[in-house]
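A.B. asks: Below is one structure. I have some questions about it.
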Amino acid sequence: MEDLIYLDNGATSYPKPDEVYTFMDSFYRSFGVNPGRSGYDLCMETGAVVDTTRKMLADLFNGNDPNRLCFSYNSTDALNLIIYGMLQPGDHAVTTTLEHNSVLRPLYHQNKLNNVEVDHVPFDTNGFVDPDKIKQKIQANTRLVIVNHASNVLGTVQPLETIGRICREHDVAFAIDASQSAGKVPIDIEQMLIDVVAFTGHKSLLGPTGIGGLYVREGIEVRHTRAGGTGVRSAARMHLDDYPYRLEYGTGNVVGIAGIHAGLKWIQQKGMDQIHHHEMKLTRMLRDGLRKIDGVLLYGQDDLADHIAVLSFNVAGMEALNTGTLLDGEYDIACRTGLHCAPLVHEQLGTDKIGGTVRIGIGPFNTEEHIQTAIQAVAEIADFQKKK
Ligand SMILES: Cc1ncc(COP(=O)(O)O)c(C=O)c1O
């Protein structure tokens, strides 16, 4: 465990900053009561941490109403709230082949069960979606364009502002899946003309699992598709319409919110730019090293502009799983293999036939030494494979 080199930050960031563990522990011991349900001091103080975190996250996305920042379990949950709360029978949605199953599957369900039409726009050879191709798919009944901001397979960051402008011009709501990007690269809903952002707490926000949420811009409504306790106005027969209650159901994950609070504070102290710069320096080092190895196939663009610290590769002639098993078993390197819950990416790349890709996700605590060790390990595996 001591010697483990963790390069699976695309799945979840690990370890978290010490400040996250410490704050979650002290918060839960001191303030772990149900916020907003009662008027006693402790309850109010717990609520204050929740509200401050709402504000911090709304600020992160440049949203001006913290109440429109609603907490959910994770981004899968938030994306379900969006896809079921914004699309109705007869509507049309445009998405991309870069999406995670947390977008693809709710849309397949909407299509099969509720007669919602869906178009999937493919990415180009570098891993980017051409905004004009999205524009070409917009039709009279298009109600939603939903795009993965940063690919969890290829690492490419999509041109949101151009897509946002197209959506505004056509009066279509624009939602993004910021699971891999929130806390890593800037997201400005005003400048990028985004209507709804879905995020998860446990990846680049450096919080724990089981907490995420969405920000809904003023003027956009996401219908509530569930109902339950809100802690306020209990006599109302119907679930409350006002935000954040509209999209929050039952007792929330307060300790998770505290974790995001501490994660975001850490990011602010270090500087989001600085963290990204560090991770991209290591990503370039990894790309350069892997590129020199005979028999290694790298996917996506050569140039790492508009990119997060995620890279996919394979060793020629080997299934992704076997490479990952060797990296783990022989070198104590943890990375992810397979389809990474993004099957259409692999259908397009042809990697669905070889068990997907090996994905390396670099985080703030990785070092040059980790990357050099990983490059050396892949070189040895590729050499071994060639000699077989
Ligand atoms: C792009 C993308 N979207 C959505 C998700 C789902 O995140 P969660 O499992 O936290 O809901 C992931 C996680 O792997 C992801 O990478």
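A.B. asks: Residues in the stretch 315-326 that are under 13 Å from Val378 (Cα atoms) and surrounded by fewer than 23 Cβ atoms within 10 Å (Cβ to Cβ): how many?
C.D. replies: As a first pass, look at the stretch 315-326 and keep what is under 13 Å from Val378 (Cα atoms): 315-316, 318, 320, 322-326.
Pick out the ones that are also surrounded by fewer than 23 Cβ atoms within 10 Å (Cβ to Cβ) and you get 316, 318, 322, 325-326.
Qualifying residue count for the region: 5.
A.B. asks: Criterion first (among the polar types (S, T, N, Q), part of a helix (DSSP H, G or I) and buried (at least 17 other Cβ atoms within 10 Å of the Cβ)) does Gln110 satisfy it? Can you show your working first?
C.D. replies: Numbers: among the polar types (S, T, N, Q): yes; part of a helix (DSSP H, G or I): yes; buried (at least 17 other Cβ atoms within 10 Å of the Cβ): yes.
For Gln110, the condition - among the polar types (S, T, N, Q), part of a helix (DSSP H, G or I) and buried (at least 17 other Cβ atoms within 10 Å of the Cβ) - is met.
A.B. asks: Do you know which residues across the stretch 270-295 are of a type outside the set (Gly, Ala, Ser) and either modelled with pLDDT under 95 or touching a Gly at 6+ places or on another chain (Cβ under 9 Å) (or both)?
C.D. replies: Met272, Ile275, His277, Glu279, Thr283
A.B. asks: I would also like to ask the following. Just to be sure before I move on: is Lys184 open to solvent by 40 Å² or more (accessible area, probe 1.4 Å) and either farther than 12 Å from Leu98 by Cβ or in contact (Cβ under 8 Å) with a residue 60 or more places away in the chain (or both) in the structure I sent?
C.D. replies: no
A.B. asks: From the residues in the stretch 221-233 that are under 17 Å from Asn80 (Cβ atoms) and buried (at least 16 other Cβ atoms within 10 Å of the Cβ), which one is nearest to the ligand (Cβ to nearest atom)?
C.D. replies: Just the residues of the stretch 221-233 that are under 17 Å from Asn80 (Cβ atoms), to begin with: 221-228.
Cutting the leftovers down to buried (at least 16 other Cβ atoms within 10 Å of the Cβ) gives us 222, 224.
Values: Val222: 17, His224: 20 Å.
This residue is Val222.
A.B. asks: Let me ask something else. Just one of (1) within 30 Å of Phe313 (Cβ to Cβ); (2) assigned to a loop (DSSP other than H, G, I, E, B); (3) in contact with a Phe, Trp or Tyr (Cβ under 9 Å, 6 or more places away or on another chain); (4) among the aliphatic types (A, V, I, L, M) trips up Val185, so point out which.
C.D. replies: Among (1) within 30 Å of Phe313 (Cβ to Cβ); (2) assigned to a loop (DSSP other than H, G, I, E, B); (3) in contact with a Phe, Trp or Tyr (Cβ under 9 Å, 6 or more places away or on another chain); (4) among the aliphatic types (A, V, I, L, M), the lone unmet condition for Val185 is (3).
A.B. asks: Within the stretch 210-239, take every residue that is of a type in the set (Ser, Thr, Tyr) and closer than 27 Å to Met44 by Cβ and give me the one that is modelled with the highest pLDDT.
C.D. replies: In the first step, residues of the stretch 210-239 are kept if they are of a type in the set (Ser, Thr, Tyr); the result is 215, 225, 230, 234.
Add one more test, that the residue is closer than 27 Å to Met44 by Cβ, and what stays is 215, 230, 234.
Working: Tyr215: 98, Thr230: 91, Ser234: 92.
Ranking the qualifying residues of the stretch 210-239, first place goes to Tyr215.
A.B. asks: Identify, by number, the condition in (1) more than 28 Å from Gly10 (Cβ to Cβ); (2) among the β-branched types (Val, Ile, Thr); (3) touching a residue at least 60 places away in the same chain (Cβ under 8 Å) that Thr156 doesn't meet.
C.D. replies: Going through the list (1) more than 28 Å from Gly10 (Cβ to Cβ); (2) among the β-branched types (Val, Ile, Thr); (3) touching a residue at least 60 places away in the same chain (Cβ under 8 Å), Thr156 breaks only (1).
Results for (1) part of a loop (DSSP other than H, G, I, E, B); (2) within 15 Å of Lys55 (Cα to Cα); (3) in contact with a Gly (Cβ under 6 Å, 6 or more places away or on another chain), shown as yes or no for each residue.
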{"residue": "Gly231", "(1), (2), (3)": "yes, no, yes"}
{"residue": "Leu240", "(1), (2), (3)": "yes, no, no"}
{"residue": "Gly250", "(1), (2), (3)": "yes, no, yes"}
{"residue": "Val255", "(1), (2), (3)": "no, no, no"}
{"residue": "His261", "(1), (2), (3)": "no, yes, no"}
{"residue": "Gln268", "(1), (2), (3)": "no, yes, no"}
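A.B. asks: Please give the number of the condition Thr125 fails out of (1) away from the ligand (no atom under 16 Å from the Cβ); (2) among the β-branched types (Val, Ile, Thr); (3) in contact with a helix residue (DSSP H, G or I) (Cβ under 9 Å, 6 or more places away or on another chain); (4) over 24 Å from Glu218 (Cβ atoms).
C.D. replies: (3)
A.B. asks: Could you please let me know if Thr46 is surrounded by 15 or more Cβ atoms within 10 Å (Cβ to Cβ), of a type outside the set (Gly, Ala, Ser), within 20 Å of Gly263 (Cβ to Cβ) and within 16 Å of the ligand (Cβ to nearest atom)?
C.D. replies: Details: surrounded by 15 or more Cβ atoms within 10 Å (Cβ to Cβ): yes; of a type outside the set (Gly, Ala, Ser): yes; within 20 Å of Gly263 (Cβ to Cβ): yes; within 16 Å of the ligand (Cβ to nearest atom): no.
Considered against the rule, which asks whether it is surrounded by 15 or more Cβ atoms within 10 Å (Cβ to Cβ), of a type outside the set (Gly, Ala, Ser), within 20 Å of Gly263 (Cβ to Cβ) and within 16 Å of the ligand (Cβ to nearest atom), Thr46 comes out as no.
A.B. asks: Follow-up. Only one of these conditions is not met by Ala236: (1) aliphatic (A, V, I, L, M); (2) assigned to a loop (DSSP other than H, G, I, E, B); (3) open to solvent by less than 40 Å² (accessible area, probe 1.4 Å). Which number is it?
C.D. replies: Going through (1) aliphatic (A, V, I, L, M); (2) assigned to a loop (DSSP other than H, G, I, E, B); (3) open to solvent by less than 40 Å² (accessible area, probe 1.4 Å) one by one, Ala236 breaks only (3).
A.B. asks: Does the stretch 349-370 hold any residues that are part of a helix (DSSP H, G or I) and more than 21 Å from Phe123 (Cβ to Cβ), and which are they?
C.D. replies: Just the residues of the stretch 349-370 that are part of a helix (DSSP H, G or I), to begin with: 349, 351-354, 368-370.
The answer is Glu368, Glu369, His370.
A.B. asks: Let me ask you something else. Any chance you could count how many residues in the stretch 62-92 are more than 16 Å from the ligand (Cβ to nearest atom) and either without any contact (Cβ under 8 Å) to a residue 12 or more places away in the chain or part of a loop (DSSP other than H, G, I, E, B) (or both)? It would help to see each step written out before you state the result.
C.D. replies: Taking the stretch 62-92 and keeping what is more than 16 Å from the ligand (Cβ to nearest atom), we get 62-69, 85-92.
Keeping just the survivors that are either without any contact (Cβ under 8 Å) to a residue 12 or more places away in the chain or part of a loop (DSSP other than H, G, I, E, B) (or both) gives 62-65, 87-91.
Counting residues in the stretch 62-92 that are more than 16 Å from the ligand (Cβ to nearest atom) and either without any contact (Cβ under 8 Å) to a residue 12 or more places away in the chain or part of a loop (DSSP other than H, G, I, E, B) (or both) gives 9.
A.B. asks: Identify, please: which residue in the stretch 140-165 is open to solvent by 10 Å² or more (accessible area, probe 1.4 Å) and not in a loop (DSSP other than H, G, I, E, B) and is, among those, nearest to Leu206 (Cα to Cα)?
C.D. replies: Among residues in the stretch 140-165 that are open to solvent by 10 Å² or more (accessible area, probe 1.4 Å) and not in a loop (DSSP other than H, G, I, E, B), the one nearest to Leu206 (Cα to Cα) is Val157.
The values are calculated or read from the model by the stated rules, or taken from the named source; none is laboratory data. Keep in mind it's a predicted model, so treat the numbers as computed, not measured. Because the Cβ atoms are built from the backbone with ideal geometry, glycine has one as well, and the counts that use them run over all protein chains shown. In case anyone asks, the SASA skips ligands and DNA or RNA and just uses the protein heavy atoms, side chains included. Shrake-Rupley method; radii C 1.70, N 1.55, O 1.52, S 1.80 Å.
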